[in-house]
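Encoded as structure tokens, the structure appears first; notes follow it.
Since every read-out is calculated from the coordinates, none of them should be taken as a lab result. The model shown is predicted, which means the values in this text are computed figures rather than measured ones. Cβ: placed from backbone, ideal geometry, glycine included. Neighbour counts: every protein chain shown.
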Amino acid sequence: MKNQNSKTAIIIGSGLGGLSTALRLSHLGYDVTVIEKHSNPGGRLNQLKIDGFTFDVGPSFMSMTYELDELFNSVGIKNPIELEELDPLYQVYFENDSRPYKIWKTLSKLEEEFKDIEPNLAAKVEKYLSKAGEFFHDTEDKVVKSNYENVVDYILKLTRVPLKHLPYLFRKMWTEVERNFESEQVRVIFSLVAFFLGSTPFQTPAIYSLLNYTEMKHDGYWKVKGGMYRIVEELMKILKERGVKFIFNTEIVGIANSNGKLNSLIDRNGKIWEADIFISNSDAAAFRGMILGRKKFSEEKLDKMDWTLAPFTIYLGVKGKIDSLMHHNYFLGSNFRGYANKIFTSSIIPQKPYYYVNVSSKSNSECAPVGCENIFILCPVPDRRYKNNWDDKEEIADNIIKDLSRRTNFDIESNTLVKEIYSPVDWEKMFNLYKGSGLGLAHGINQVGAFRPKNKDEIFPNLYYVGASTTPGTGLPMVIISSKLVTERIKADYGIIQ
């Protein structure tokens, strides 16, 4: 391992992956500068404030929270984030059924909730989660938390996973839930985690049933006291204390000079940014194509990759309290398979869409004025490859709001004080998401591990990547792991700075 007196590192983007990498590298002695397109840090882990209402822009809860502990502990700090566990985790409304189903982490309560439609549910869930848990623990360190030099290295590491898990690779998640549960409602509920990956259970490999294990048994779901943006605020406080520099309102648009290695970048105003090491927290696939001009990642090639669903989000400040809503809620229709099969590639938004509703004012009164609620609605929709024009976003939002009003028996439209809508076009523009894809590349077998864009560049030896579209994948805990993996690569290449 080499010891150097000084090494400068530029991180492009201040999402959770970028901020986590900045923390790790600054602890190793690197002189770190973070360049951010917007006026505030966080990327998709951001907040929106309008007239006394505060909304989570993107993520609204977290699992595998021990990865937060690992991040702070790795630099000698106790985790400053206060977390509160959710139980029930969320509730689910089905079309034509006014009664919501509460999804309890406590299995005895879960069994009571579904006693009329799924007998002996606790035993079934225990069996299902036990199998998923075995797969999780047999792969977490060997596969998820590993760097790969090439495909052969990846396959060799896969061979260390017990053969009993092999069927997981060739089955879809829906097949797995069908094998374990009898009622359509329970099958749907246990397959909802596929949507957290920006996909559907009919396309997502059964290996991701491990997410059911992390949500219901291993760690659960947690909300952040004070709102999700508190994670960013605490990281920023520590990073500034450690001398990490931040440049806001600056978008990197290309390479200014390359000579065997990456020497500098150029921003939209033509300014040159030089460093020894560069780490992109932008989408790892799209950055290679759109900024570096790599033929393997041309628009034509990118369009043929599998991308996660795009987000259509609505932020409502509402006068009054809606008793039928919890902190986390799902509103589903009656034709799950039909909806899932069409939602990826249709240019027409269904009249009765499926959507998620977060009301953080239920547990954090500071998010809304007295007597009001802040409502965040997320509806998965096709990305711009399939629906390019989103001029109808007001009409789509009104349709969703009317459906939510009907199903909660509360006139949301008449009581709306604040309203903001982000279509996939807006998400793409704000966060440089390829064609508006919300969570980057999807997680099919051909786009995970060594088949995912690498966290070290193929051409420039001093360019690295962190975030959802490189290894190991999407989600807050995964991008924290991603920061650990890319830091390991940089440490191996450049050492600890004296």
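Considering only Cα-Cα distances, which of the following residue pairs are longer than 24 Å: K102/K225; K37/K352; K245/K295? Present the calculation step by step, with values, prior to reporting the outcome.
Numbers: K102/K225 22 Å; K37/K352 36 Å; K245/K295 33 Å.
Going by Cα-Cα distance, K37/K352; K245/K295 fall outside the 24 Å limit.
Which of the listed residues, V143, G76, G226, is farthest toward the dipole's positive end in the chain, when Lys, Arg count +1 and Asp, Glu count -1 at the beta-carbon?
Final value for the positive-end residue is V143.
What distance in nm lies between label points placed 7 Å from Cα along the C-beta direction at N5 and E366?
4.6
Give me the number: length gained by fully extending I155 to E299, i.e. 0.36 nm times residue separation minus the C-alpha to C-alpha distance, one decimal in nm. Show your work: numbers first, answer last.
Working: separation 144, 0.36 × 144 = 51.84 nm, distance 2.89 nm.
Length difference between fully extended and current span is 48.9 nm.
Which distance in nm do the two modelled labels at F170 and K115 give, with both placed 7 Å along the Cα-to-Cβ direction?
Distance between label points: 4.2 nm.
With no solvent and one point per C-alpha, what does the Debye sum give as log10 I(q)/I(0) for the stretch 310-434 at q = 0.15, 0.16, 0.19 Å⁻¹?
The computed values of log10 I(q)/I(0) come out as -0.70, -0.79, -1.07.
Straight-line reach from K109: which lysines have Cα under 20 Å away, leaving out those fewer than 8 places along the same chain?
K124, K127, K217
From the square roots a ≥ b ≥ c of the eigenvalues of the alpha-carbon gyration tensor of the stretch 1-79, which class results: rounded (a/c under 1.5), prolate (a/b over b/c), or oblate? Provide the component values of the computation, followed by the final result.
Numbers: a/c = 3.20, a/b = 1.59, b/c = 2.01.
Oblate.
Per 20 Å bin, what is the whole-percent P(r) computed from every C-alpha pair distance within the chain?
Going from the shortest bin to the longest, the percentages are 23, 58, 19, 0.
Output the DSSP H helices from the chain with an along-axis C-alpha extent of no less than 24 Å and a mean Kyte-Doolittle hydropathy no less than -1.0.
Result, helices passing both filters: 121-139, 476-494.
For the chain, build the charge dipole from Cβ charges (+1 Lys, Arg; -1 Asp, Glu) around the Cα centre, then report which of L239, F53, A310 sits farthest towards its positive end.
Checking the options against the dipole of the chain, the answer is L239.
Assuming R0 = 51 Å, can you tell me the calculated FRET efficiency for the pair S414 and N269, based on Cβ-Cβ distance, to the nearest 0.05?
Calculated value: 0.65.
State, to one decimal in nm, how far the label point of D69 lies from the label point of H137, with both points 7 Å from Cα in the Cβ direction.
Here the answer is 1.6 nm between the modelled labels.
Among rounded, prolate and oblate, which fits the stretch 397-459 when a ≥ b ≥ c are the square roots of the eigenvalues of its C-alpha gyration tensor, a/c under 1.5 means rounded, and a/b larger than b/c means prolate?
Details: a/c = 5.07, a/b = 2.55, b/c = 1.99.
Prolate, since a/c reaches 1.5 and a/b exceeds b/c.
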